[in-house]
There are 4 protein chains.
Amino acid sequence: MEKVAIAVLGCGRIGRMHARVLARHPRTRLIAVYDVMADAAAETARELGVQAAASVAAVLADPALRAVLIATPTPTHVDLIIAAAQAGKAILCEKPIDLDMARVRACQQAIAPLAPIVMIGFNRRFDPSFQALRRRAEAGEIGAIEQVVITSRDPAPPPAHFVRDSGGLFRDMTIHDFDMARSLVGDIVEVQAMGACLIDPAIGAAGDIDSAMVQLRARSGAMVHINNSRRSAYGYDQRLEVFGAKGMLIAENRRATTVRASLGAATEAADPVLPFFIERYAEAYAAEIGHFIDCLANGTTPATSFADGVAALAIADAALESMRRGASVRLD
Amino acid sequence: MEKVAIAVLGCGRIGRMHARVLARHPRTRLIAVYDVMADAAAETARELGVQAAASVAAVLADPALRAVLIATPTPTHVDLIIAAAQAGKAILCEKPIDLDMARVRACQQAIAPLAPIVMIGFNRRFDPSFQALRRRAEAGEIGAIEQVVITSRDPAPPPAHFVRDSGGLFRDMTIHDFDMARSLVGDIVEVQAMGACLIDPAIGAAGDIDSAMVQLRARSGAMVHINNSRRSAYGYDQRLEVFGAKGMLIAENRRATTVRASLGAATEAADPVLPFFIERYAEAYAAEIGHFIDCLANGTTPATSFADGVAALAIADAALESMRRGASVRLD
Amino acid sequence: MEKVAIAVLGCGRIGRMHARVLARHPRTRLIAVYDVMADAAAETARELGVQAAASVAAVLADPALRAVLIATPTPTHVDLIIAAAQAGKAILCEKPIDLDMARVRACQQAIAPLAPIVMIGFNRRFDPSFQALRRRAEAGEIGAIEQVVITSRDPAPPPAHFVRDSGGLFRDMTIHDFDMARSLVGDIVEVQAMGACLIDPAIGAAGDIDSAMVQLRARSGAMVHINNSRRSAYGYDQRLEVFGAKGMLIAENRRATTVRASLGAATEAADPVLPFFIERYAEAYAAEIGHFIDCLANGTTPATSFADGVAALAIADAALESMRRGASVRLD
Amino acid sequence: MEKVAIAVLGCGRIGRMHARVLARHPRTRLIAVYDVMADAAAETARELGVQAAASVAAVLADPALRAVLIATPTPTHVDLIIAAAQAGKAILCEKPIDLDMARVRACQQAIAPLAPIVMIGFNRRFDPSFQALRRRAEAGEIGAIEQVVITSRDPAPPPAHFVRDSGGLFRDMTIHDFDMARSLVGDIVEVQAMGACLIDPAIGAAGDIDSAMVQLRARSGAMVHINNSRRSAYGYDQRLEVFGAKGMLIAENRRATTVRASLGAATEAADPVLPFFIERYAEAYAAEIGHFIDCLANGTTPATSFADGVAALAIADAALESMRRGASVRLD
């Protein structure tokens, strides 16, 4: 099986992580990395033994290149998607596509005639436990899904300056949970959101929230609760509960070891949960790449398509509106 | 220590359960039971070796009687509370006080000059696990409370005719969860509710819902999520999660045994959770009585006072309004 | 249903515990307590509102008395069993019957013609979790039993003077585990034992051990491992694992609450396990009494008969011999 | 960091597994594979894009080669160790070194003057959970170790012909547990073993057992229990419990996902445990290689040295003798 030649645009934390996955992945060949900060690109290139490209144009000009992974700052996503599509490359782009729905729609129209394979990086769908849960639910093990509870808490708040450009908690963080909700119960038709700044006043000063609860109604009738916090003392809390007519499936947190301590004051104490996304979703990131390569090989639409990116952003926008207006917002 | 002489009004399922607890309790002496259905009273009286009273008046006329436990249908609560208060008896009344806030306020005013000891039967506050969780949270173990997740699912839906007189899911079932929320985070100032009829169309036809998600905001800033279902295949699902600045406390479900089975297809499989409130809250009901007797002995206000009954009903009313209007409802 | 009139001989810790259970039990009527220390008897009698008998003879002379519970020091058991049997009373005697097998056999012969109902207090058989496990294993859920692991660790070592008269760890403590092994896999034919004094040198100085591992072979072919310690920092560790051709059943420890704490350093930390036998086996002691009353009512042999007491003691003696000789000891 | 050039001798199941690990490992360069069955070598070589060597001599003649991994049948280990040592290569050899202690000692003497780096493949020591447990115990978290319980059950019995050449369960399977015991409590001075053929009569006919219980005493005074079965319906059961003066550490089994199902009949049911060593110890095998490379780089003796291989085999021999003689066997 030939390895797919791929380049990474953006060598920040998440770009480097992806580059490392691609460099090791049995089905990909990382051939270039690029970052507007030449140093970051050079360092990643050196680490992985690949070329640091001089420009995006240089990357896209390589006829051997089959696909790009876009991990640059969000405001650049739309232009890079369009450029890559025009160059005939397949695209795996980090979420969110953009913070502005109008720009997202414009991008969608711009690339439509080119029919590129575009996948959005909703990595959590590819987590083995979440995937197993979804497959079992789809197979009917718990009957019709009636309620979903998504727990999603980051270990520590980002710096306030990050928050300022992030589009806010719903578009930056909850967007993963909105996508997860859609993957389990389908189209969302109603959103009720409640947010607060309980952790870091600087986040509030930057106009954002750091704690949130959202409830969604799906067209199927199922209801979804999401809770978010920007700080979790015990690690990156990522759990899923799906309740149906015949029972319940839960995907618990993951830990580095299976050790349990029973001492005087407490028993069966486990490790902290895995610290953050790089550890928690290591397997998911590799599986995400595998799915992307499958789609390239078979010409199929990714499970997390451009349309899924649009849909998740629409829920995020609705959540923001719901929170601001103190009202349910309908999406249909 | 002298045992407190007490009578039970109402010999339905919950009344009989209370009568049995009172008959066995080391600090109470059950001296009479009453039900408008003389047969029900006679049967309970026979079982427990006590007197079946001919009327409420006869019960209250007994000078030896110190307290009554009111477990009659909800519409009779207000009149019985007033009658018992006028007879100088302490009162332990099942929730809800009444379905109509105006009647509840009127009752409150009527008994105010008599200053009776009135306790509302929010039994879950007295569950050893929930109590331990609350005490540890109050002691600061997890820092300031930021989020609460209350899971509360009945094993099977009630008959539709019951639903018709129940005041609806929020006033009948969620009211316990509203009280639990208040006991953990204090006054509630905002309510967002979403309901659906996903289980039994007859419940919908009777004008009620059988599935719900509610989110509350407390004056403290904390947010609370409640999920309710009228049917749970694996038993009476009663869990509590409290998340704070320093960590999280969870109270898990209870089971009849600690046995875990590892067979071919699945491992560590536990028993179903305890089937319903009589089993699940057996210890809580006994502790509730203990607290009531303490209040009588010390002249203190119960932890679940008339005012708590009013507050929980106010949240239920707000939830109903929120669901109907599709808007956040403020309570302050 | 008439309540069975019963008396308790011995008002030490375990005797008082039994007396309390009998005083509350729905099927028994505690009518007297006795102890050679008149003060202990008087205190227990006062607490429970019963008579403190002046002598064993006075207790047994009461024609209303149907049964005695013997909770006196071990050396007095044999004489009391014989006296009670001669008085025509049913007998529930704490383990062990005696430390000396010859005396036990003589007792067995002495009472044989009287055919009394004699039950030995192997309380653990009546623990709901262990009982459920055994019933499921007997029903074939895990196929033929091949291996059993019994974990049995006391919270804290007894005083050395107690150890001196106890008959040693195998006869005093492990005897419960030997009985549990027999209840699961039947007759034991081979014993290998290893002991050590790792906790309290005073126990070693008194000629006993405080830590032990034993392995047994049953006639069925099944193997059993028992581990014992006289000190467990996290509470009274009482677990059972049964492994068979089709899977495994485990009975886990019990805790006061279901609370789990996730803090910075550790997650899902549970309470200490229940502290000691009075808490851990509260339900078992009540069920044991229930079984005894059933046997009286139906004239059936108790599940933990005199013969079971003999068999468990025989294994204890074999374990002691195995440890001393450094050899397997055969029991058949 | 330069990658260490290494070759794999033996391309059976375990050899291929190692070859795959070495081919992917960031610190090794797999340069050749060899098997006496040329087809097996060729297939592995093709899969991993390396050379299939024509002979062991050809492998060892390569001056670039730094180390060999020996995964051939046990009877060939000794000769290959000597040959590799004489060729100046470092050696990572699968357990056991040999089934015959005299040959093992002779090998030890033969290579002593060459002072090669020799590591024995006791992979379990490198399991992250077992390693974390040991480190925490060594750091004193549970005080002095008093008792160890090792559960080690294979998913399914090997074919009887394999058993015939395996040296028997103690030398083939329990040897891992003996090494684990030594890694936790140090030198073993006494062994009591009990075996049975409960699963497959063909194993008994081949002169072996398929079920065993062993207890060990360490020089430190600590006691160790090991239970083994050649068949476990729920997967490869690999657990560790270490009990000490201040508490207990347990390493639980591992599963493919964290999903828990609560259906009508059972709740919190988890996946089967990982099926067998390749899945269960995937991380351990990679860490084992890492440790071996560290030892090469630093010239240090591996944590699982030749001497450890000798010591584990000595316990296995003692266990066999104990089982046959029905007696404790001393090792000091």
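The values are calculated or read from the model by the stated rules, or taken from the named source; none is laboratory data. Just so it is clear, the model here is predicted, and its values are computed rather than measured. Neighbour counts are summed over all protein chains in view; Cβ atoms, including those assigned to glycine, are modelled from backbone coordinates with ideal geometry.
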Output the residues belonging to region C:288-332 that are more than 16 Å from C:Gln215 (Cβ to Cβ) and basic (Lys, Arg).
C:Arg324
(1) closer than 27 Å to A:Thr174 by Cα; (2) assigned to a loop (DSSP other than H, G, I, E, B); (3) of a type outside the set (Ser, Thr, Tyr): which one isn't true of A:Ile111, the others all being true?
(2)
Among the residues of region B:267-291, the number that are more than 10 Å from every other protein chain (Cβ to nearest Cβ) and surrounded by 21 or more Cβ atoms within 10 Å (Cβ to Cβ) is 5
Among what's in region D:114-127 and is within 15 Å of the chain's Cα centre (by Cα) and not in a loop (DSSP other than H, G, I, E, B), pick the residue that is surrounded by the most Cβ atoms within 10 Å (Cβ to Cβ).
D:Ile120
Residue among B:Ala102, B:Ala7, B:Ala64 that alone is under 21 Å from B:Gly309 (Cα atoms) and of a type outside the set (S, T, N, Q)
B:Ala102
Residue among A:Gly309, A:Gly244 that is away from chain C (no Cβ under 12 Å), in contact with a Cys (Cβ under 8 Å, 6 or more places away or on another chain) and not β-branched (Val, Ile, Thr):
A:Gly309
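Every residue, every condition in (1) polar (S, T, N, Q); (2) in a strand (DSSP E or B); (3) facing chain D (nearest Cβ under 8 Å); (4) touching a residue at least 24 places away in the same chain (Cβ under 8 Å), yes or no:
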position: B:Asp208; (1), (2), (3), (4): no, no, no, yes
position: B:Met213; (1), (2), (3), (4): no, yes, no, no
position: B:Arg217; (1), (2), (3), (4): no, yes, no, yes
position: B:Ser220; (1), (2), (3), (4): yes, no, no, yes
position: B:His225; (1), (2), (3), (4): no, yes, no, yes
position: B:Ser232; (1), (2), (3), (4): yes, no, no, yes
position: B:Gln238; (1), (2), (3), (4): yes, yes, no, yes
position: B:Leu249; (1), (2), (3), (4): no, yes, no, yes
position: B:Ala265; (1), (2), (3), (4): no, no, yes, no
Only one of (1) of a type in the set (A, V, I, L, M); (2) within 21 Å of C:Asp210 (Cα to Cα); (3) crowded, with 24+ Cβ neighbours inside 10 Å fails for D:Val189. Which number is that?
(3)
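This table checks each residue for (1) at pLDDT 95 or above; (2) hydrophobic (A, V, I, L, M, F, W, C); (3) out of contact with any helix residue (DSSP H, G or I) (no Cβ under 7 Å at 6 or more places or on another chain).
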{"site": "B:Thr74", "(1), (2), (3)": "yes, no, yes"}
{"site": "B:Ile81", "(1), (2), (3)": "yes, yes, no"}
{"site": "B:Cys93", "(1), (2), (3)": "yes, yes, no"}
{"site": "B:Asp98", "(1), (2), (3)": "yes, no, no"}
{"site": "B:Ala106", "(1), (2), (3)": "yes, yes, yes"}
{"site": "B:Pro116", "(1), (2), (3)": "yes, no, no"}
{"site": "B:Ile120", "(1), (2), (3)": "yes, yes, no"}
{"site": "B:Arg124", "(1), (2), (3)": "yes, no, no"}
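Looking only at region B:251-263, which residues are within 14 Å of chain D (Cβ to nearest Cβ) and within 30 Å of C:Gly264 (Cβ to Cβ)?
B:Glu252, B:Asn253, B:Arg254, B:Arg255, B:Thr258, B:Arg260
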Identify the residue in region A:128-160 that is in a helix (DSSP H, G or I) and surrounded by fewer than 16 Cβ atoms within 10 Å (Cβ to Cβ) and, among all such residues, is farthest from the other protein chains (Cβ to nearest Cβ).
A:Glu138
Considering only region C:161-200, state which residues are aliphatic (A, V, I, L, M) and not in a helix (DSSP H, G or I).
C:Ile188, C:Val189, C:Val191, C:Ala193, C:Met194, C:Ala196, C:Leu198, C:Ile199
Pairs where the first residue, in region C:87-114, is touching a residue at least 12 places away in the same chain (Cβ under 8 Å) and the second is surrounded by 15 or more Cβ atoms within 10 Å (Cβ to Cβ) and of a type in the set (Lys, Arg), C-beta under 6 Å, 6+ apart:
C:Pro96/C:Arg171; C:Leu99/C:Arg171
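Residues checked against (1) more than 14 Å from the chain's Cα centre (by Cα); (2) farther than 20 Å from D:Asp177 by Cβ:
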site: D:Tyr281; (1), (2): no, no
site: D:Ala286; (1), (2): no, yes
site: D:Cys295; (1), (2): yes, yes
site: D:Asn298; (1), (2): yes, yes
site: D:Thr301; (1), (2): yes, yes
site: D:Thr304; (1), (2): no, no
site: D:Gly309; (1), (2): no, no
site: D:Ala316; (1), (2): no, no
site: D:Leu320; (1), (2): yes, no
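If you scan region C:26-35, which residues turn out to be touching a helix residue (DSSP H, G or I) at 6+ places or on another chain (Cβ under 7 Å) and surrounded by fewer than 19 Cβ atoms within 10 Å (Cβ to Cβ)?
Restricting attention to region C:26-35, the residues satisfying the condition of being touching a helix residue (DSSP H, G or I) at 6+ places or on another chain (Cβ under 7 Å) are C:27-28, C:30, C:32-35.
Correct list: C:Arg27 only.
Scan region B:296-306 for residues that are in contact with a strand residue (DSSP E or B) (Cβ under 9 Å, 6 or more places away or on another chain) and part of a helix (DSSP H, G or I) and report the count. It would help to see each step written out before you state the result.
The initial filter retains those residues of region B:296-306 that are in contact with a strand residue (DSSP E or B) (Cβ under 9 Å, 6 or more places away or on another chain), namely B:296-297, B:301-306.
Imposing the further condition that a residue be part of a helix (DSSP H, G or I) reduces the set to B:296-297, B:306.
Matching residues across region B:296-306 total 3.
Given the criteria under 25 Å from D:Val273 (Cα atoms) and surrounded by fewer than 24 Cβ atoms within 10 Å (Cβ to Cβ), does D:Asp177 qualify?
Values: under 25 Å from D:Val273 (Cα atoms): yes; surrounded by fewer than 24 Cβ atoms within 10 Å (Cβ to Cβ): no.
No: the conditions fail for D:Asp177.
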May I ask you to say which residue of B:Leu263, B:Leu274, B:Leu320 is modelled with pLDDT of 95 or more and either assigned by TED's automatic domain parsing to the domain that holds B:Met101 or more than 30 Å from C:Gly244 (Cβ to Cβ) (or both)?
B:Leu320
For the list (1) assigned to a helix (DSSP H, G or I); (2) under 22 Å from the mean Cα position of the chain (by Cα); (3) not charged (D, E, K, R), I need the number of the one condition that D:Ala41 fails.
(2)
D:Ala84 being within 25 Å of D:His291 (Cβ to Cβ), outside any helix (DSSP H, G or I) and in contact (Cβ under 8 Å) with a residue 12 or more places away in the chain:
no
Kindly list the number of the only condition in (1) more than 29 Å from D:Ala245 (Cβ to Cβ); (2) buried (at least 21 other Cβ atoms within 10 Å of the Cβ); (3) touching a Leu at 6+ places or on another chain (Cβ under 8 Å) that fails for C:Met101.
(2)
Residues located in region A:161-180, provided they are within 14 Å of chain B (Cβ to nearest Cβ) and more than 24 Å from A:Tyr234 (Cβ to Cβ)
none
Being closer than 18 Å to B:Arg66 by Cβ and in contact with a Phe, Trp or Tyr (Cβ under 8 Å, 6 or more places away or on another chain) is the filter here, so list the residues in region B:13-27 that pass it.
B:His18, B:Val21
Collect the residues in region B:214-244 that are more than 24 Å from B:Ala139 (Cβ to Cβ) and among the β-branched types (Val, Ile, Thr), keeping them in residue-number order.
B:Val214, B:Ile226
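Sort through B:Val189, B:Val148 and tell me the only one that's at pLDDT 95 or above and more than 20 Å from B:Asp237 (Cβ to Cβ). It would help to see each step written out before you state the result.
Numbers: B:Val148 fails: more than 20 Å from B:Asp237 (Cβ to Cβ).
None of the others qualify; the one that does is B:Val189.
Being in contact with a strand residue (DSSP E or B) (Cβ under 9 Å, 6 or more places away or on another chain) and of a type in the set (Asp, Glu) is the requirement here; does B:Asp62 meet it? Reasoning before the result, please.
Details: in contact with a strand residue (DSSP E or B) (Cβ under 9 Å, 6 or more places away or on another chain): yes; of a type in the set (Asp, Glu): yes.
Yes: the conditions hold for B:Asp62.
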